[in-house]
Amino acid sequence: MKKLFYFLLVIPFLYSCSDEDPIPETGFFKVYDDVNYGVDYHAIDVVKSSTGFIILTATEIDRTDFSGIQLIKVDEEGEFEAELTFDPAPVLPTGELMEVNGRYYFFGMDPQTIQVQLISVNDSLSDEQIVNVPLTYPLAAAASSTSNQFLILSYDPFNAESVISYIGTDGSIINTAAYSIGAGEDVEATILDHYLNPGEQPLPFFVGETPGGSVFFNGFYNYSMSMVFSDFGGTPTGVLQGQTTDGGIRKAMPISGNIFAVGGFQFNDNFIAVDASISSTAIASSVDLYTLYGNVTEYRSYTPMDIASYDIGTTTYTIIAAETENRQIGLYIFDQTTGELVGKHNIGYLNPYTLASLRPETDEENHLLLTGTTYIANRFQRIYLNRIPEEEVSSWISQ
Amino acid sequence: MKPGNLLFNRSILFVLLAFSAITLVGQARRAPGIGGYTEEFLKTQWWLGVKVGINYTDPNPITSYSSISTIGLPEQDLDKGYEVFSLPGAQAGMDLTFYHRGFSIGIQPTYKRIRYKYFNYRTWGFVAPNLFDMEYSIEQRIDAVDVPLSLKYEIIQSGKTRPFIMAGGYYSFITHAEKKVDITYTDHATGSPIPTSGGTQILGVTQQFQNYAGVLGGVGVSLDYLNIRTVFEAVYLRGLTDITNSGNRFTQTELTSIGDVNDELKMDNINVSLSFVFPLRYIDKQFQAY
């Protein structure tokens with residue numbers, strides 16, 4: 001009899017020992033719904049603010065074919081707090097959404113003058129400021145490693161040029177360079193179509209800085225969607241040529257020297273690499289990377305991609321995100337030092353999911369932020385925001 | 001699971017089981033009292049047997065959660081609607097009881113299937129034809145091993161029919177959980193509502209739950225017929241701790257995708273059981289129990 005009781009006594013403790021490391025309650029997954037039947041939301045980027053998160057979205061507004069701008073503020077638990085819609089202007093919300101001195105910046109455009117505008121808001125969205133920038137048609141932007149500066153790619157329709165510029169917080173141009181997209185009207189028509197009807201094949205414009213101090217942009221150069229390196233001289237220092245809009249790079253993140261983590265496309269195929277060697281001083285072709293790294297069959301054709309560098313403890317990981325064929329978000333996690341694939345995780349189920357942005361929070365809690373859109377009931381396009389604790393990301397990595 | 005909850009749960013577990021072991025082992029060593037053989041048999045006895053029954057559940061949400069946040073709508077519109085004591089579950093286990101002079105202390109490790117039902121409801125638009133409804137009907141199934149420790153007192157301590165009252169505590173180990181999700185869309189695009197099925201999903205959600213504990217109280221009757229003791233009892237189990245894993249609340253993409261995440265929840269049960277128990281002490285060729 002006593003043995004039976006001792007046995008009963010031991011069982012619970014065996015159970016207790018099987019508990020895994022708990023995941024903190026600071027994470028959340030939220031879909032921001034609207035009862036309006038006919039409204040759609042398109043997420044562009046998200047940034048951690050001082051009291052929550054600000055999401056930059058594109059929305060439909062009357063009297064213009066360009067995308068309208070809407071900002072959504074949510075609290076630290078992800079609950080909706082406030083929204084700010086710019087109607088009728090500016091239009092064309094252009095990320096990244098960038099924080100400088102407690103204000104949150106992004107670019108837009110005056111639909112009447114097609115002039116670029118630098119827009120900033122405070123944490124509660126109660127105050128907005130708009131300054132004109134002497135550029136036209138914003139395409140992509142990123143924060144600069146130099147304080148109080150932004151890097152922007154824009155399009156100049158008067159000279160048919162892709163323009164890369166450093167902009168101050170007052171909208172002034174600090175440095176700029178322009179490169180021809182190629183003669184004729186075909187490329188310009190493609191750019192305008194990107195603004196008016198991005199559909200399922202959005203063009204992957206982006207900008208960034210290399211560890212060596214030069215800049216790069218992914219945009220049109222010499223008729224093709226190419227990754228162009230520049231030191232703001234008259235000609236690019238190097239070009240990774242795409243293949244019109246049928247092949248090229250979708251996202252690139254510098255690792256060190258000439259090494260980049262990249263995601264690219266070649267017609268309907270996609271490739272990813274975390275240790276691609278791309279010279280900023282040579283001419284090369286993206287199809288060579290495709291040949292080297294091969295097709296990622298899980299990703300859908302012409303998917304958006306994003307890449308983030310994420311630290312857990314002393315290990316740095318490269319995380320590549322894109323949309324899968326069944327419209328989930330497929331996350332591939334690599335050890336940045338060894339280049340080894342160490343984890344794979346998919347987000348999404350039942351309803352389709354699209355990707356807008358993947359970025360780590362730059363605070364001590366070290367969450368990962370993922371945003372995009374989903375279709376509730378398979379029809380209502382709504383924004384989602386997934387704040388993922390470090391412990392949850394760790395659970396995706398094979399030990 | 002919050003570390004605090006884990007510690008609390010483990011503490012309850014330890015107290016319950018330590019009390020069980022000390023009491024029962026101590027009682028087992030007690031020397032037989034003075035009196036006749038039959039009287040002694042009735043006054044102090046171990047009973048062992050099997051127990052089966054059904055249960056009904058009352059889910060009590062403490063804090064409501066959703067993976068939906070509404071732009072411009074109050075949050076209460078997202079609250080789930082729970083059905084109370086609506087779906088039967090079942091349980092089967094062991095009944096081990098020590099009886100002494102009207103009082104019994106028993107432990108009944110029981111494997112239990114718990115079921116309850118709730119609804120999520122969303123609507124878009126205001127007037128047909130621009131009106132669309134969606135309903136998720138969710139049956140929650142939880143498998144758990146209950147370890148209750150209860151003290152019984154026989155109100156009538158003689159005869160073959162002995163009613164009793166009981167009280168105690170329990171700790172439950174959740175071994176498996178799943179949700180059966182039925183989706184129904186109702187489209188008013190034609191002016192009249194057209195319901196269509198959005199399919200049925202069965203999702204494993206064990207990681208969304210955690211072990212829990214509570215107190216219990218009940219009534220019953222022991223029937224000593226056919227050389228076996230049959231115990232019929234009805235017990236109300238009051239959950240005292242959250243059964244859901246708060247850390248994992250938003251981690252399961254299958255749930256967050258459909259807007260369903262667990263509320264912080266305590267759970268009350270009504271268990272109706274039938275036990276068939278046998279005496280363990282002094283059974284030999286010289287003694288016939290009845």
| query | Which is over 20 Å from the mean Cα position of the chain (by Cα) and farther than 29 Å from residue A:164 by Cα, of A:74, A:31, A:35? | reply | A:35
| said: Scan region A:152-159 and tell me whether some residue there is within 28 Å of residue A:363 (Cβ to Cβ) and surrounded by fewer than 21 Cβ atoms within 10 Å (Cβ to Cβ). | reply: no
| Looking at residue B:287, is it more than 14 Å from every other protein chain (Cβ to nearest Cβ) and either assigned to a loop (DSSP other than H, G, I, E, B) or modelled with pLDDT of 95 or more (or both)? | yes
| field | Top-ranked residue of region B:77-103 - restricted to ones that are surrounded by fewer than 19 Cβ atoms within 10 Å (Cβ to Cβ) and within 13 Å of another protein chain (Cβ to nearest Cβ), ranked as nearest to residue B:236 (Cα to Cα) | value | B:94
| task | Could you please find all residues in region A:20-59 being hydroxyl-bearing (Ser, Thr, Tyr) and outside any loop (DSSP other than H, G, I, E, B)? | result | A:32, A:41, A:49, A:57, A:59
| request: Tell me which residues, restricted to region B:134-148, are more than 9 Å from chain A (Cβ to nearest Cβ) and either within 13 Å of residue B:200 (Cα to Cα) or not β-branched (Val, Ile, Thr) (or both). | output: B:135, B:136, B:137, B:138, B:139, B:140, B:141, B:143, B:144, B:146, B:148
| field | The one condition in (1) among the hydroxyl-bearing types (Ser, Thr, Tyr); (2) more than 30 Å from residue B:78 (Cα to Cα); (3) within 11 Å of another protein chain (Cβ to nearest Cβ) that residue B:172 fails to fulfil | value | (2)
| request: Restricting attention to region B:253-278, report how many residues are within 14 Å of chain A (Cβ to nearest Cβ), at pLDDT below 95 and in a strand (DSSP E or B). | output: 1
| message | Test of understanding: among A:138, A:134, A:198, which residue is of a type outside the set (Val, Ile, Thr), surrounded by fewer than 19 Cβ atoms within 10 Å (Cβ to Cβ) and at pLDDT 95 or above? | response | A:134
| Which residues, counting only those in region A:65-77, are of a type outside the set (D, E, K, R) and under 10 Å from residue A:54 (Cα atoms)? | A:71, A:72, A:74
| field | Residue count for region A:130-187, restricted to those that are closer than 18 Å to residue A:109 by Cβ and assigned to a strand (DSSP E or B) | value | 28
| message | Within region A:169-178, does at least one residue satisfy the condition of being of a type in the set (Val, Ile, Thr), under 23 Å from the mean Cα position of the chain (by Cα) and loosely packed, with under 14 Cβ neighbours inside 10 Å? | response | no
| Restricted to region B:57-72, and to residues that are part of a loop (DSSP other than H, G, I, E, B) and in contact with a Phe, Trp or Tyr (Cβ under 9 Å, 6 or more places away or on another chain), which residue is surrounded by the most Cβ atoms within 10 Å (Cβ to Cβ)? | B:67
| remark: All conditions in (1) exposed (fewer than 14 other Cβ atoms within 10 Å of the Cβ); (2) within 16 Å of residue B:267 (Cα to Cα) are true of residue B:174 except (1)
| said: For region B:193-252, which positions are closer than 30 Å to residue A:377 by Cα, in a strand (DSSP E or B) and within 12 Å of chain A (Cβ to nearest Cβ)? | reply: B:196, B:198, B:199, B:200, B:201, B:203, B:244
| Residue list for region A:386-397, filter: part of a strand (DSSP E or B) and within 9 Å of chain B (Cβ to nearest Cβ) | A:386, A:387, A:388
| message | Taking the criterion of being of a type in the set (D, E, K, R) and at pLDDT 95 or above, would at least one residue in region A:201-209 satisfy it? | response | yes
| Search result, residues across region A:94-118 that are part of a loop (DSSP other than H, G, I, E, B) and touching a residue at least 12 places away in the same chain (Cβ under 8 Å) | A:101, A:102, A:110, A:111, A:112, A:114
| Can you tell which of B:219, B:215 is under 30 Å from residue B:63 (Cα atoms) and either touching a helix residue (DSSP H, G or I) at 6+ places or on another chain (Cβ under 7 Å) or among the β-branched types (Val, Ile, Thr) (or both)? | B:215
| field | Residue selected from region A:344-375 under the condition away from chain B (no Cβ under 12 Å) and in a loop (DSSP other than H, G, I, E, B), by the criterion surrounded by the fewest Cβ atoms within 10 Å (Cβ to Cβ) | value | A:364
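The values are calculated or read from the model by the stated rules, or taken from the named source; none is laboratory data. Please read all numbers here as calculations on a predicted model, not as lab measurements. Because the Cβ atoms are built from the backbone with ideal geometry, glycine has one as well, and the counts that use them run over all protein chains shown.
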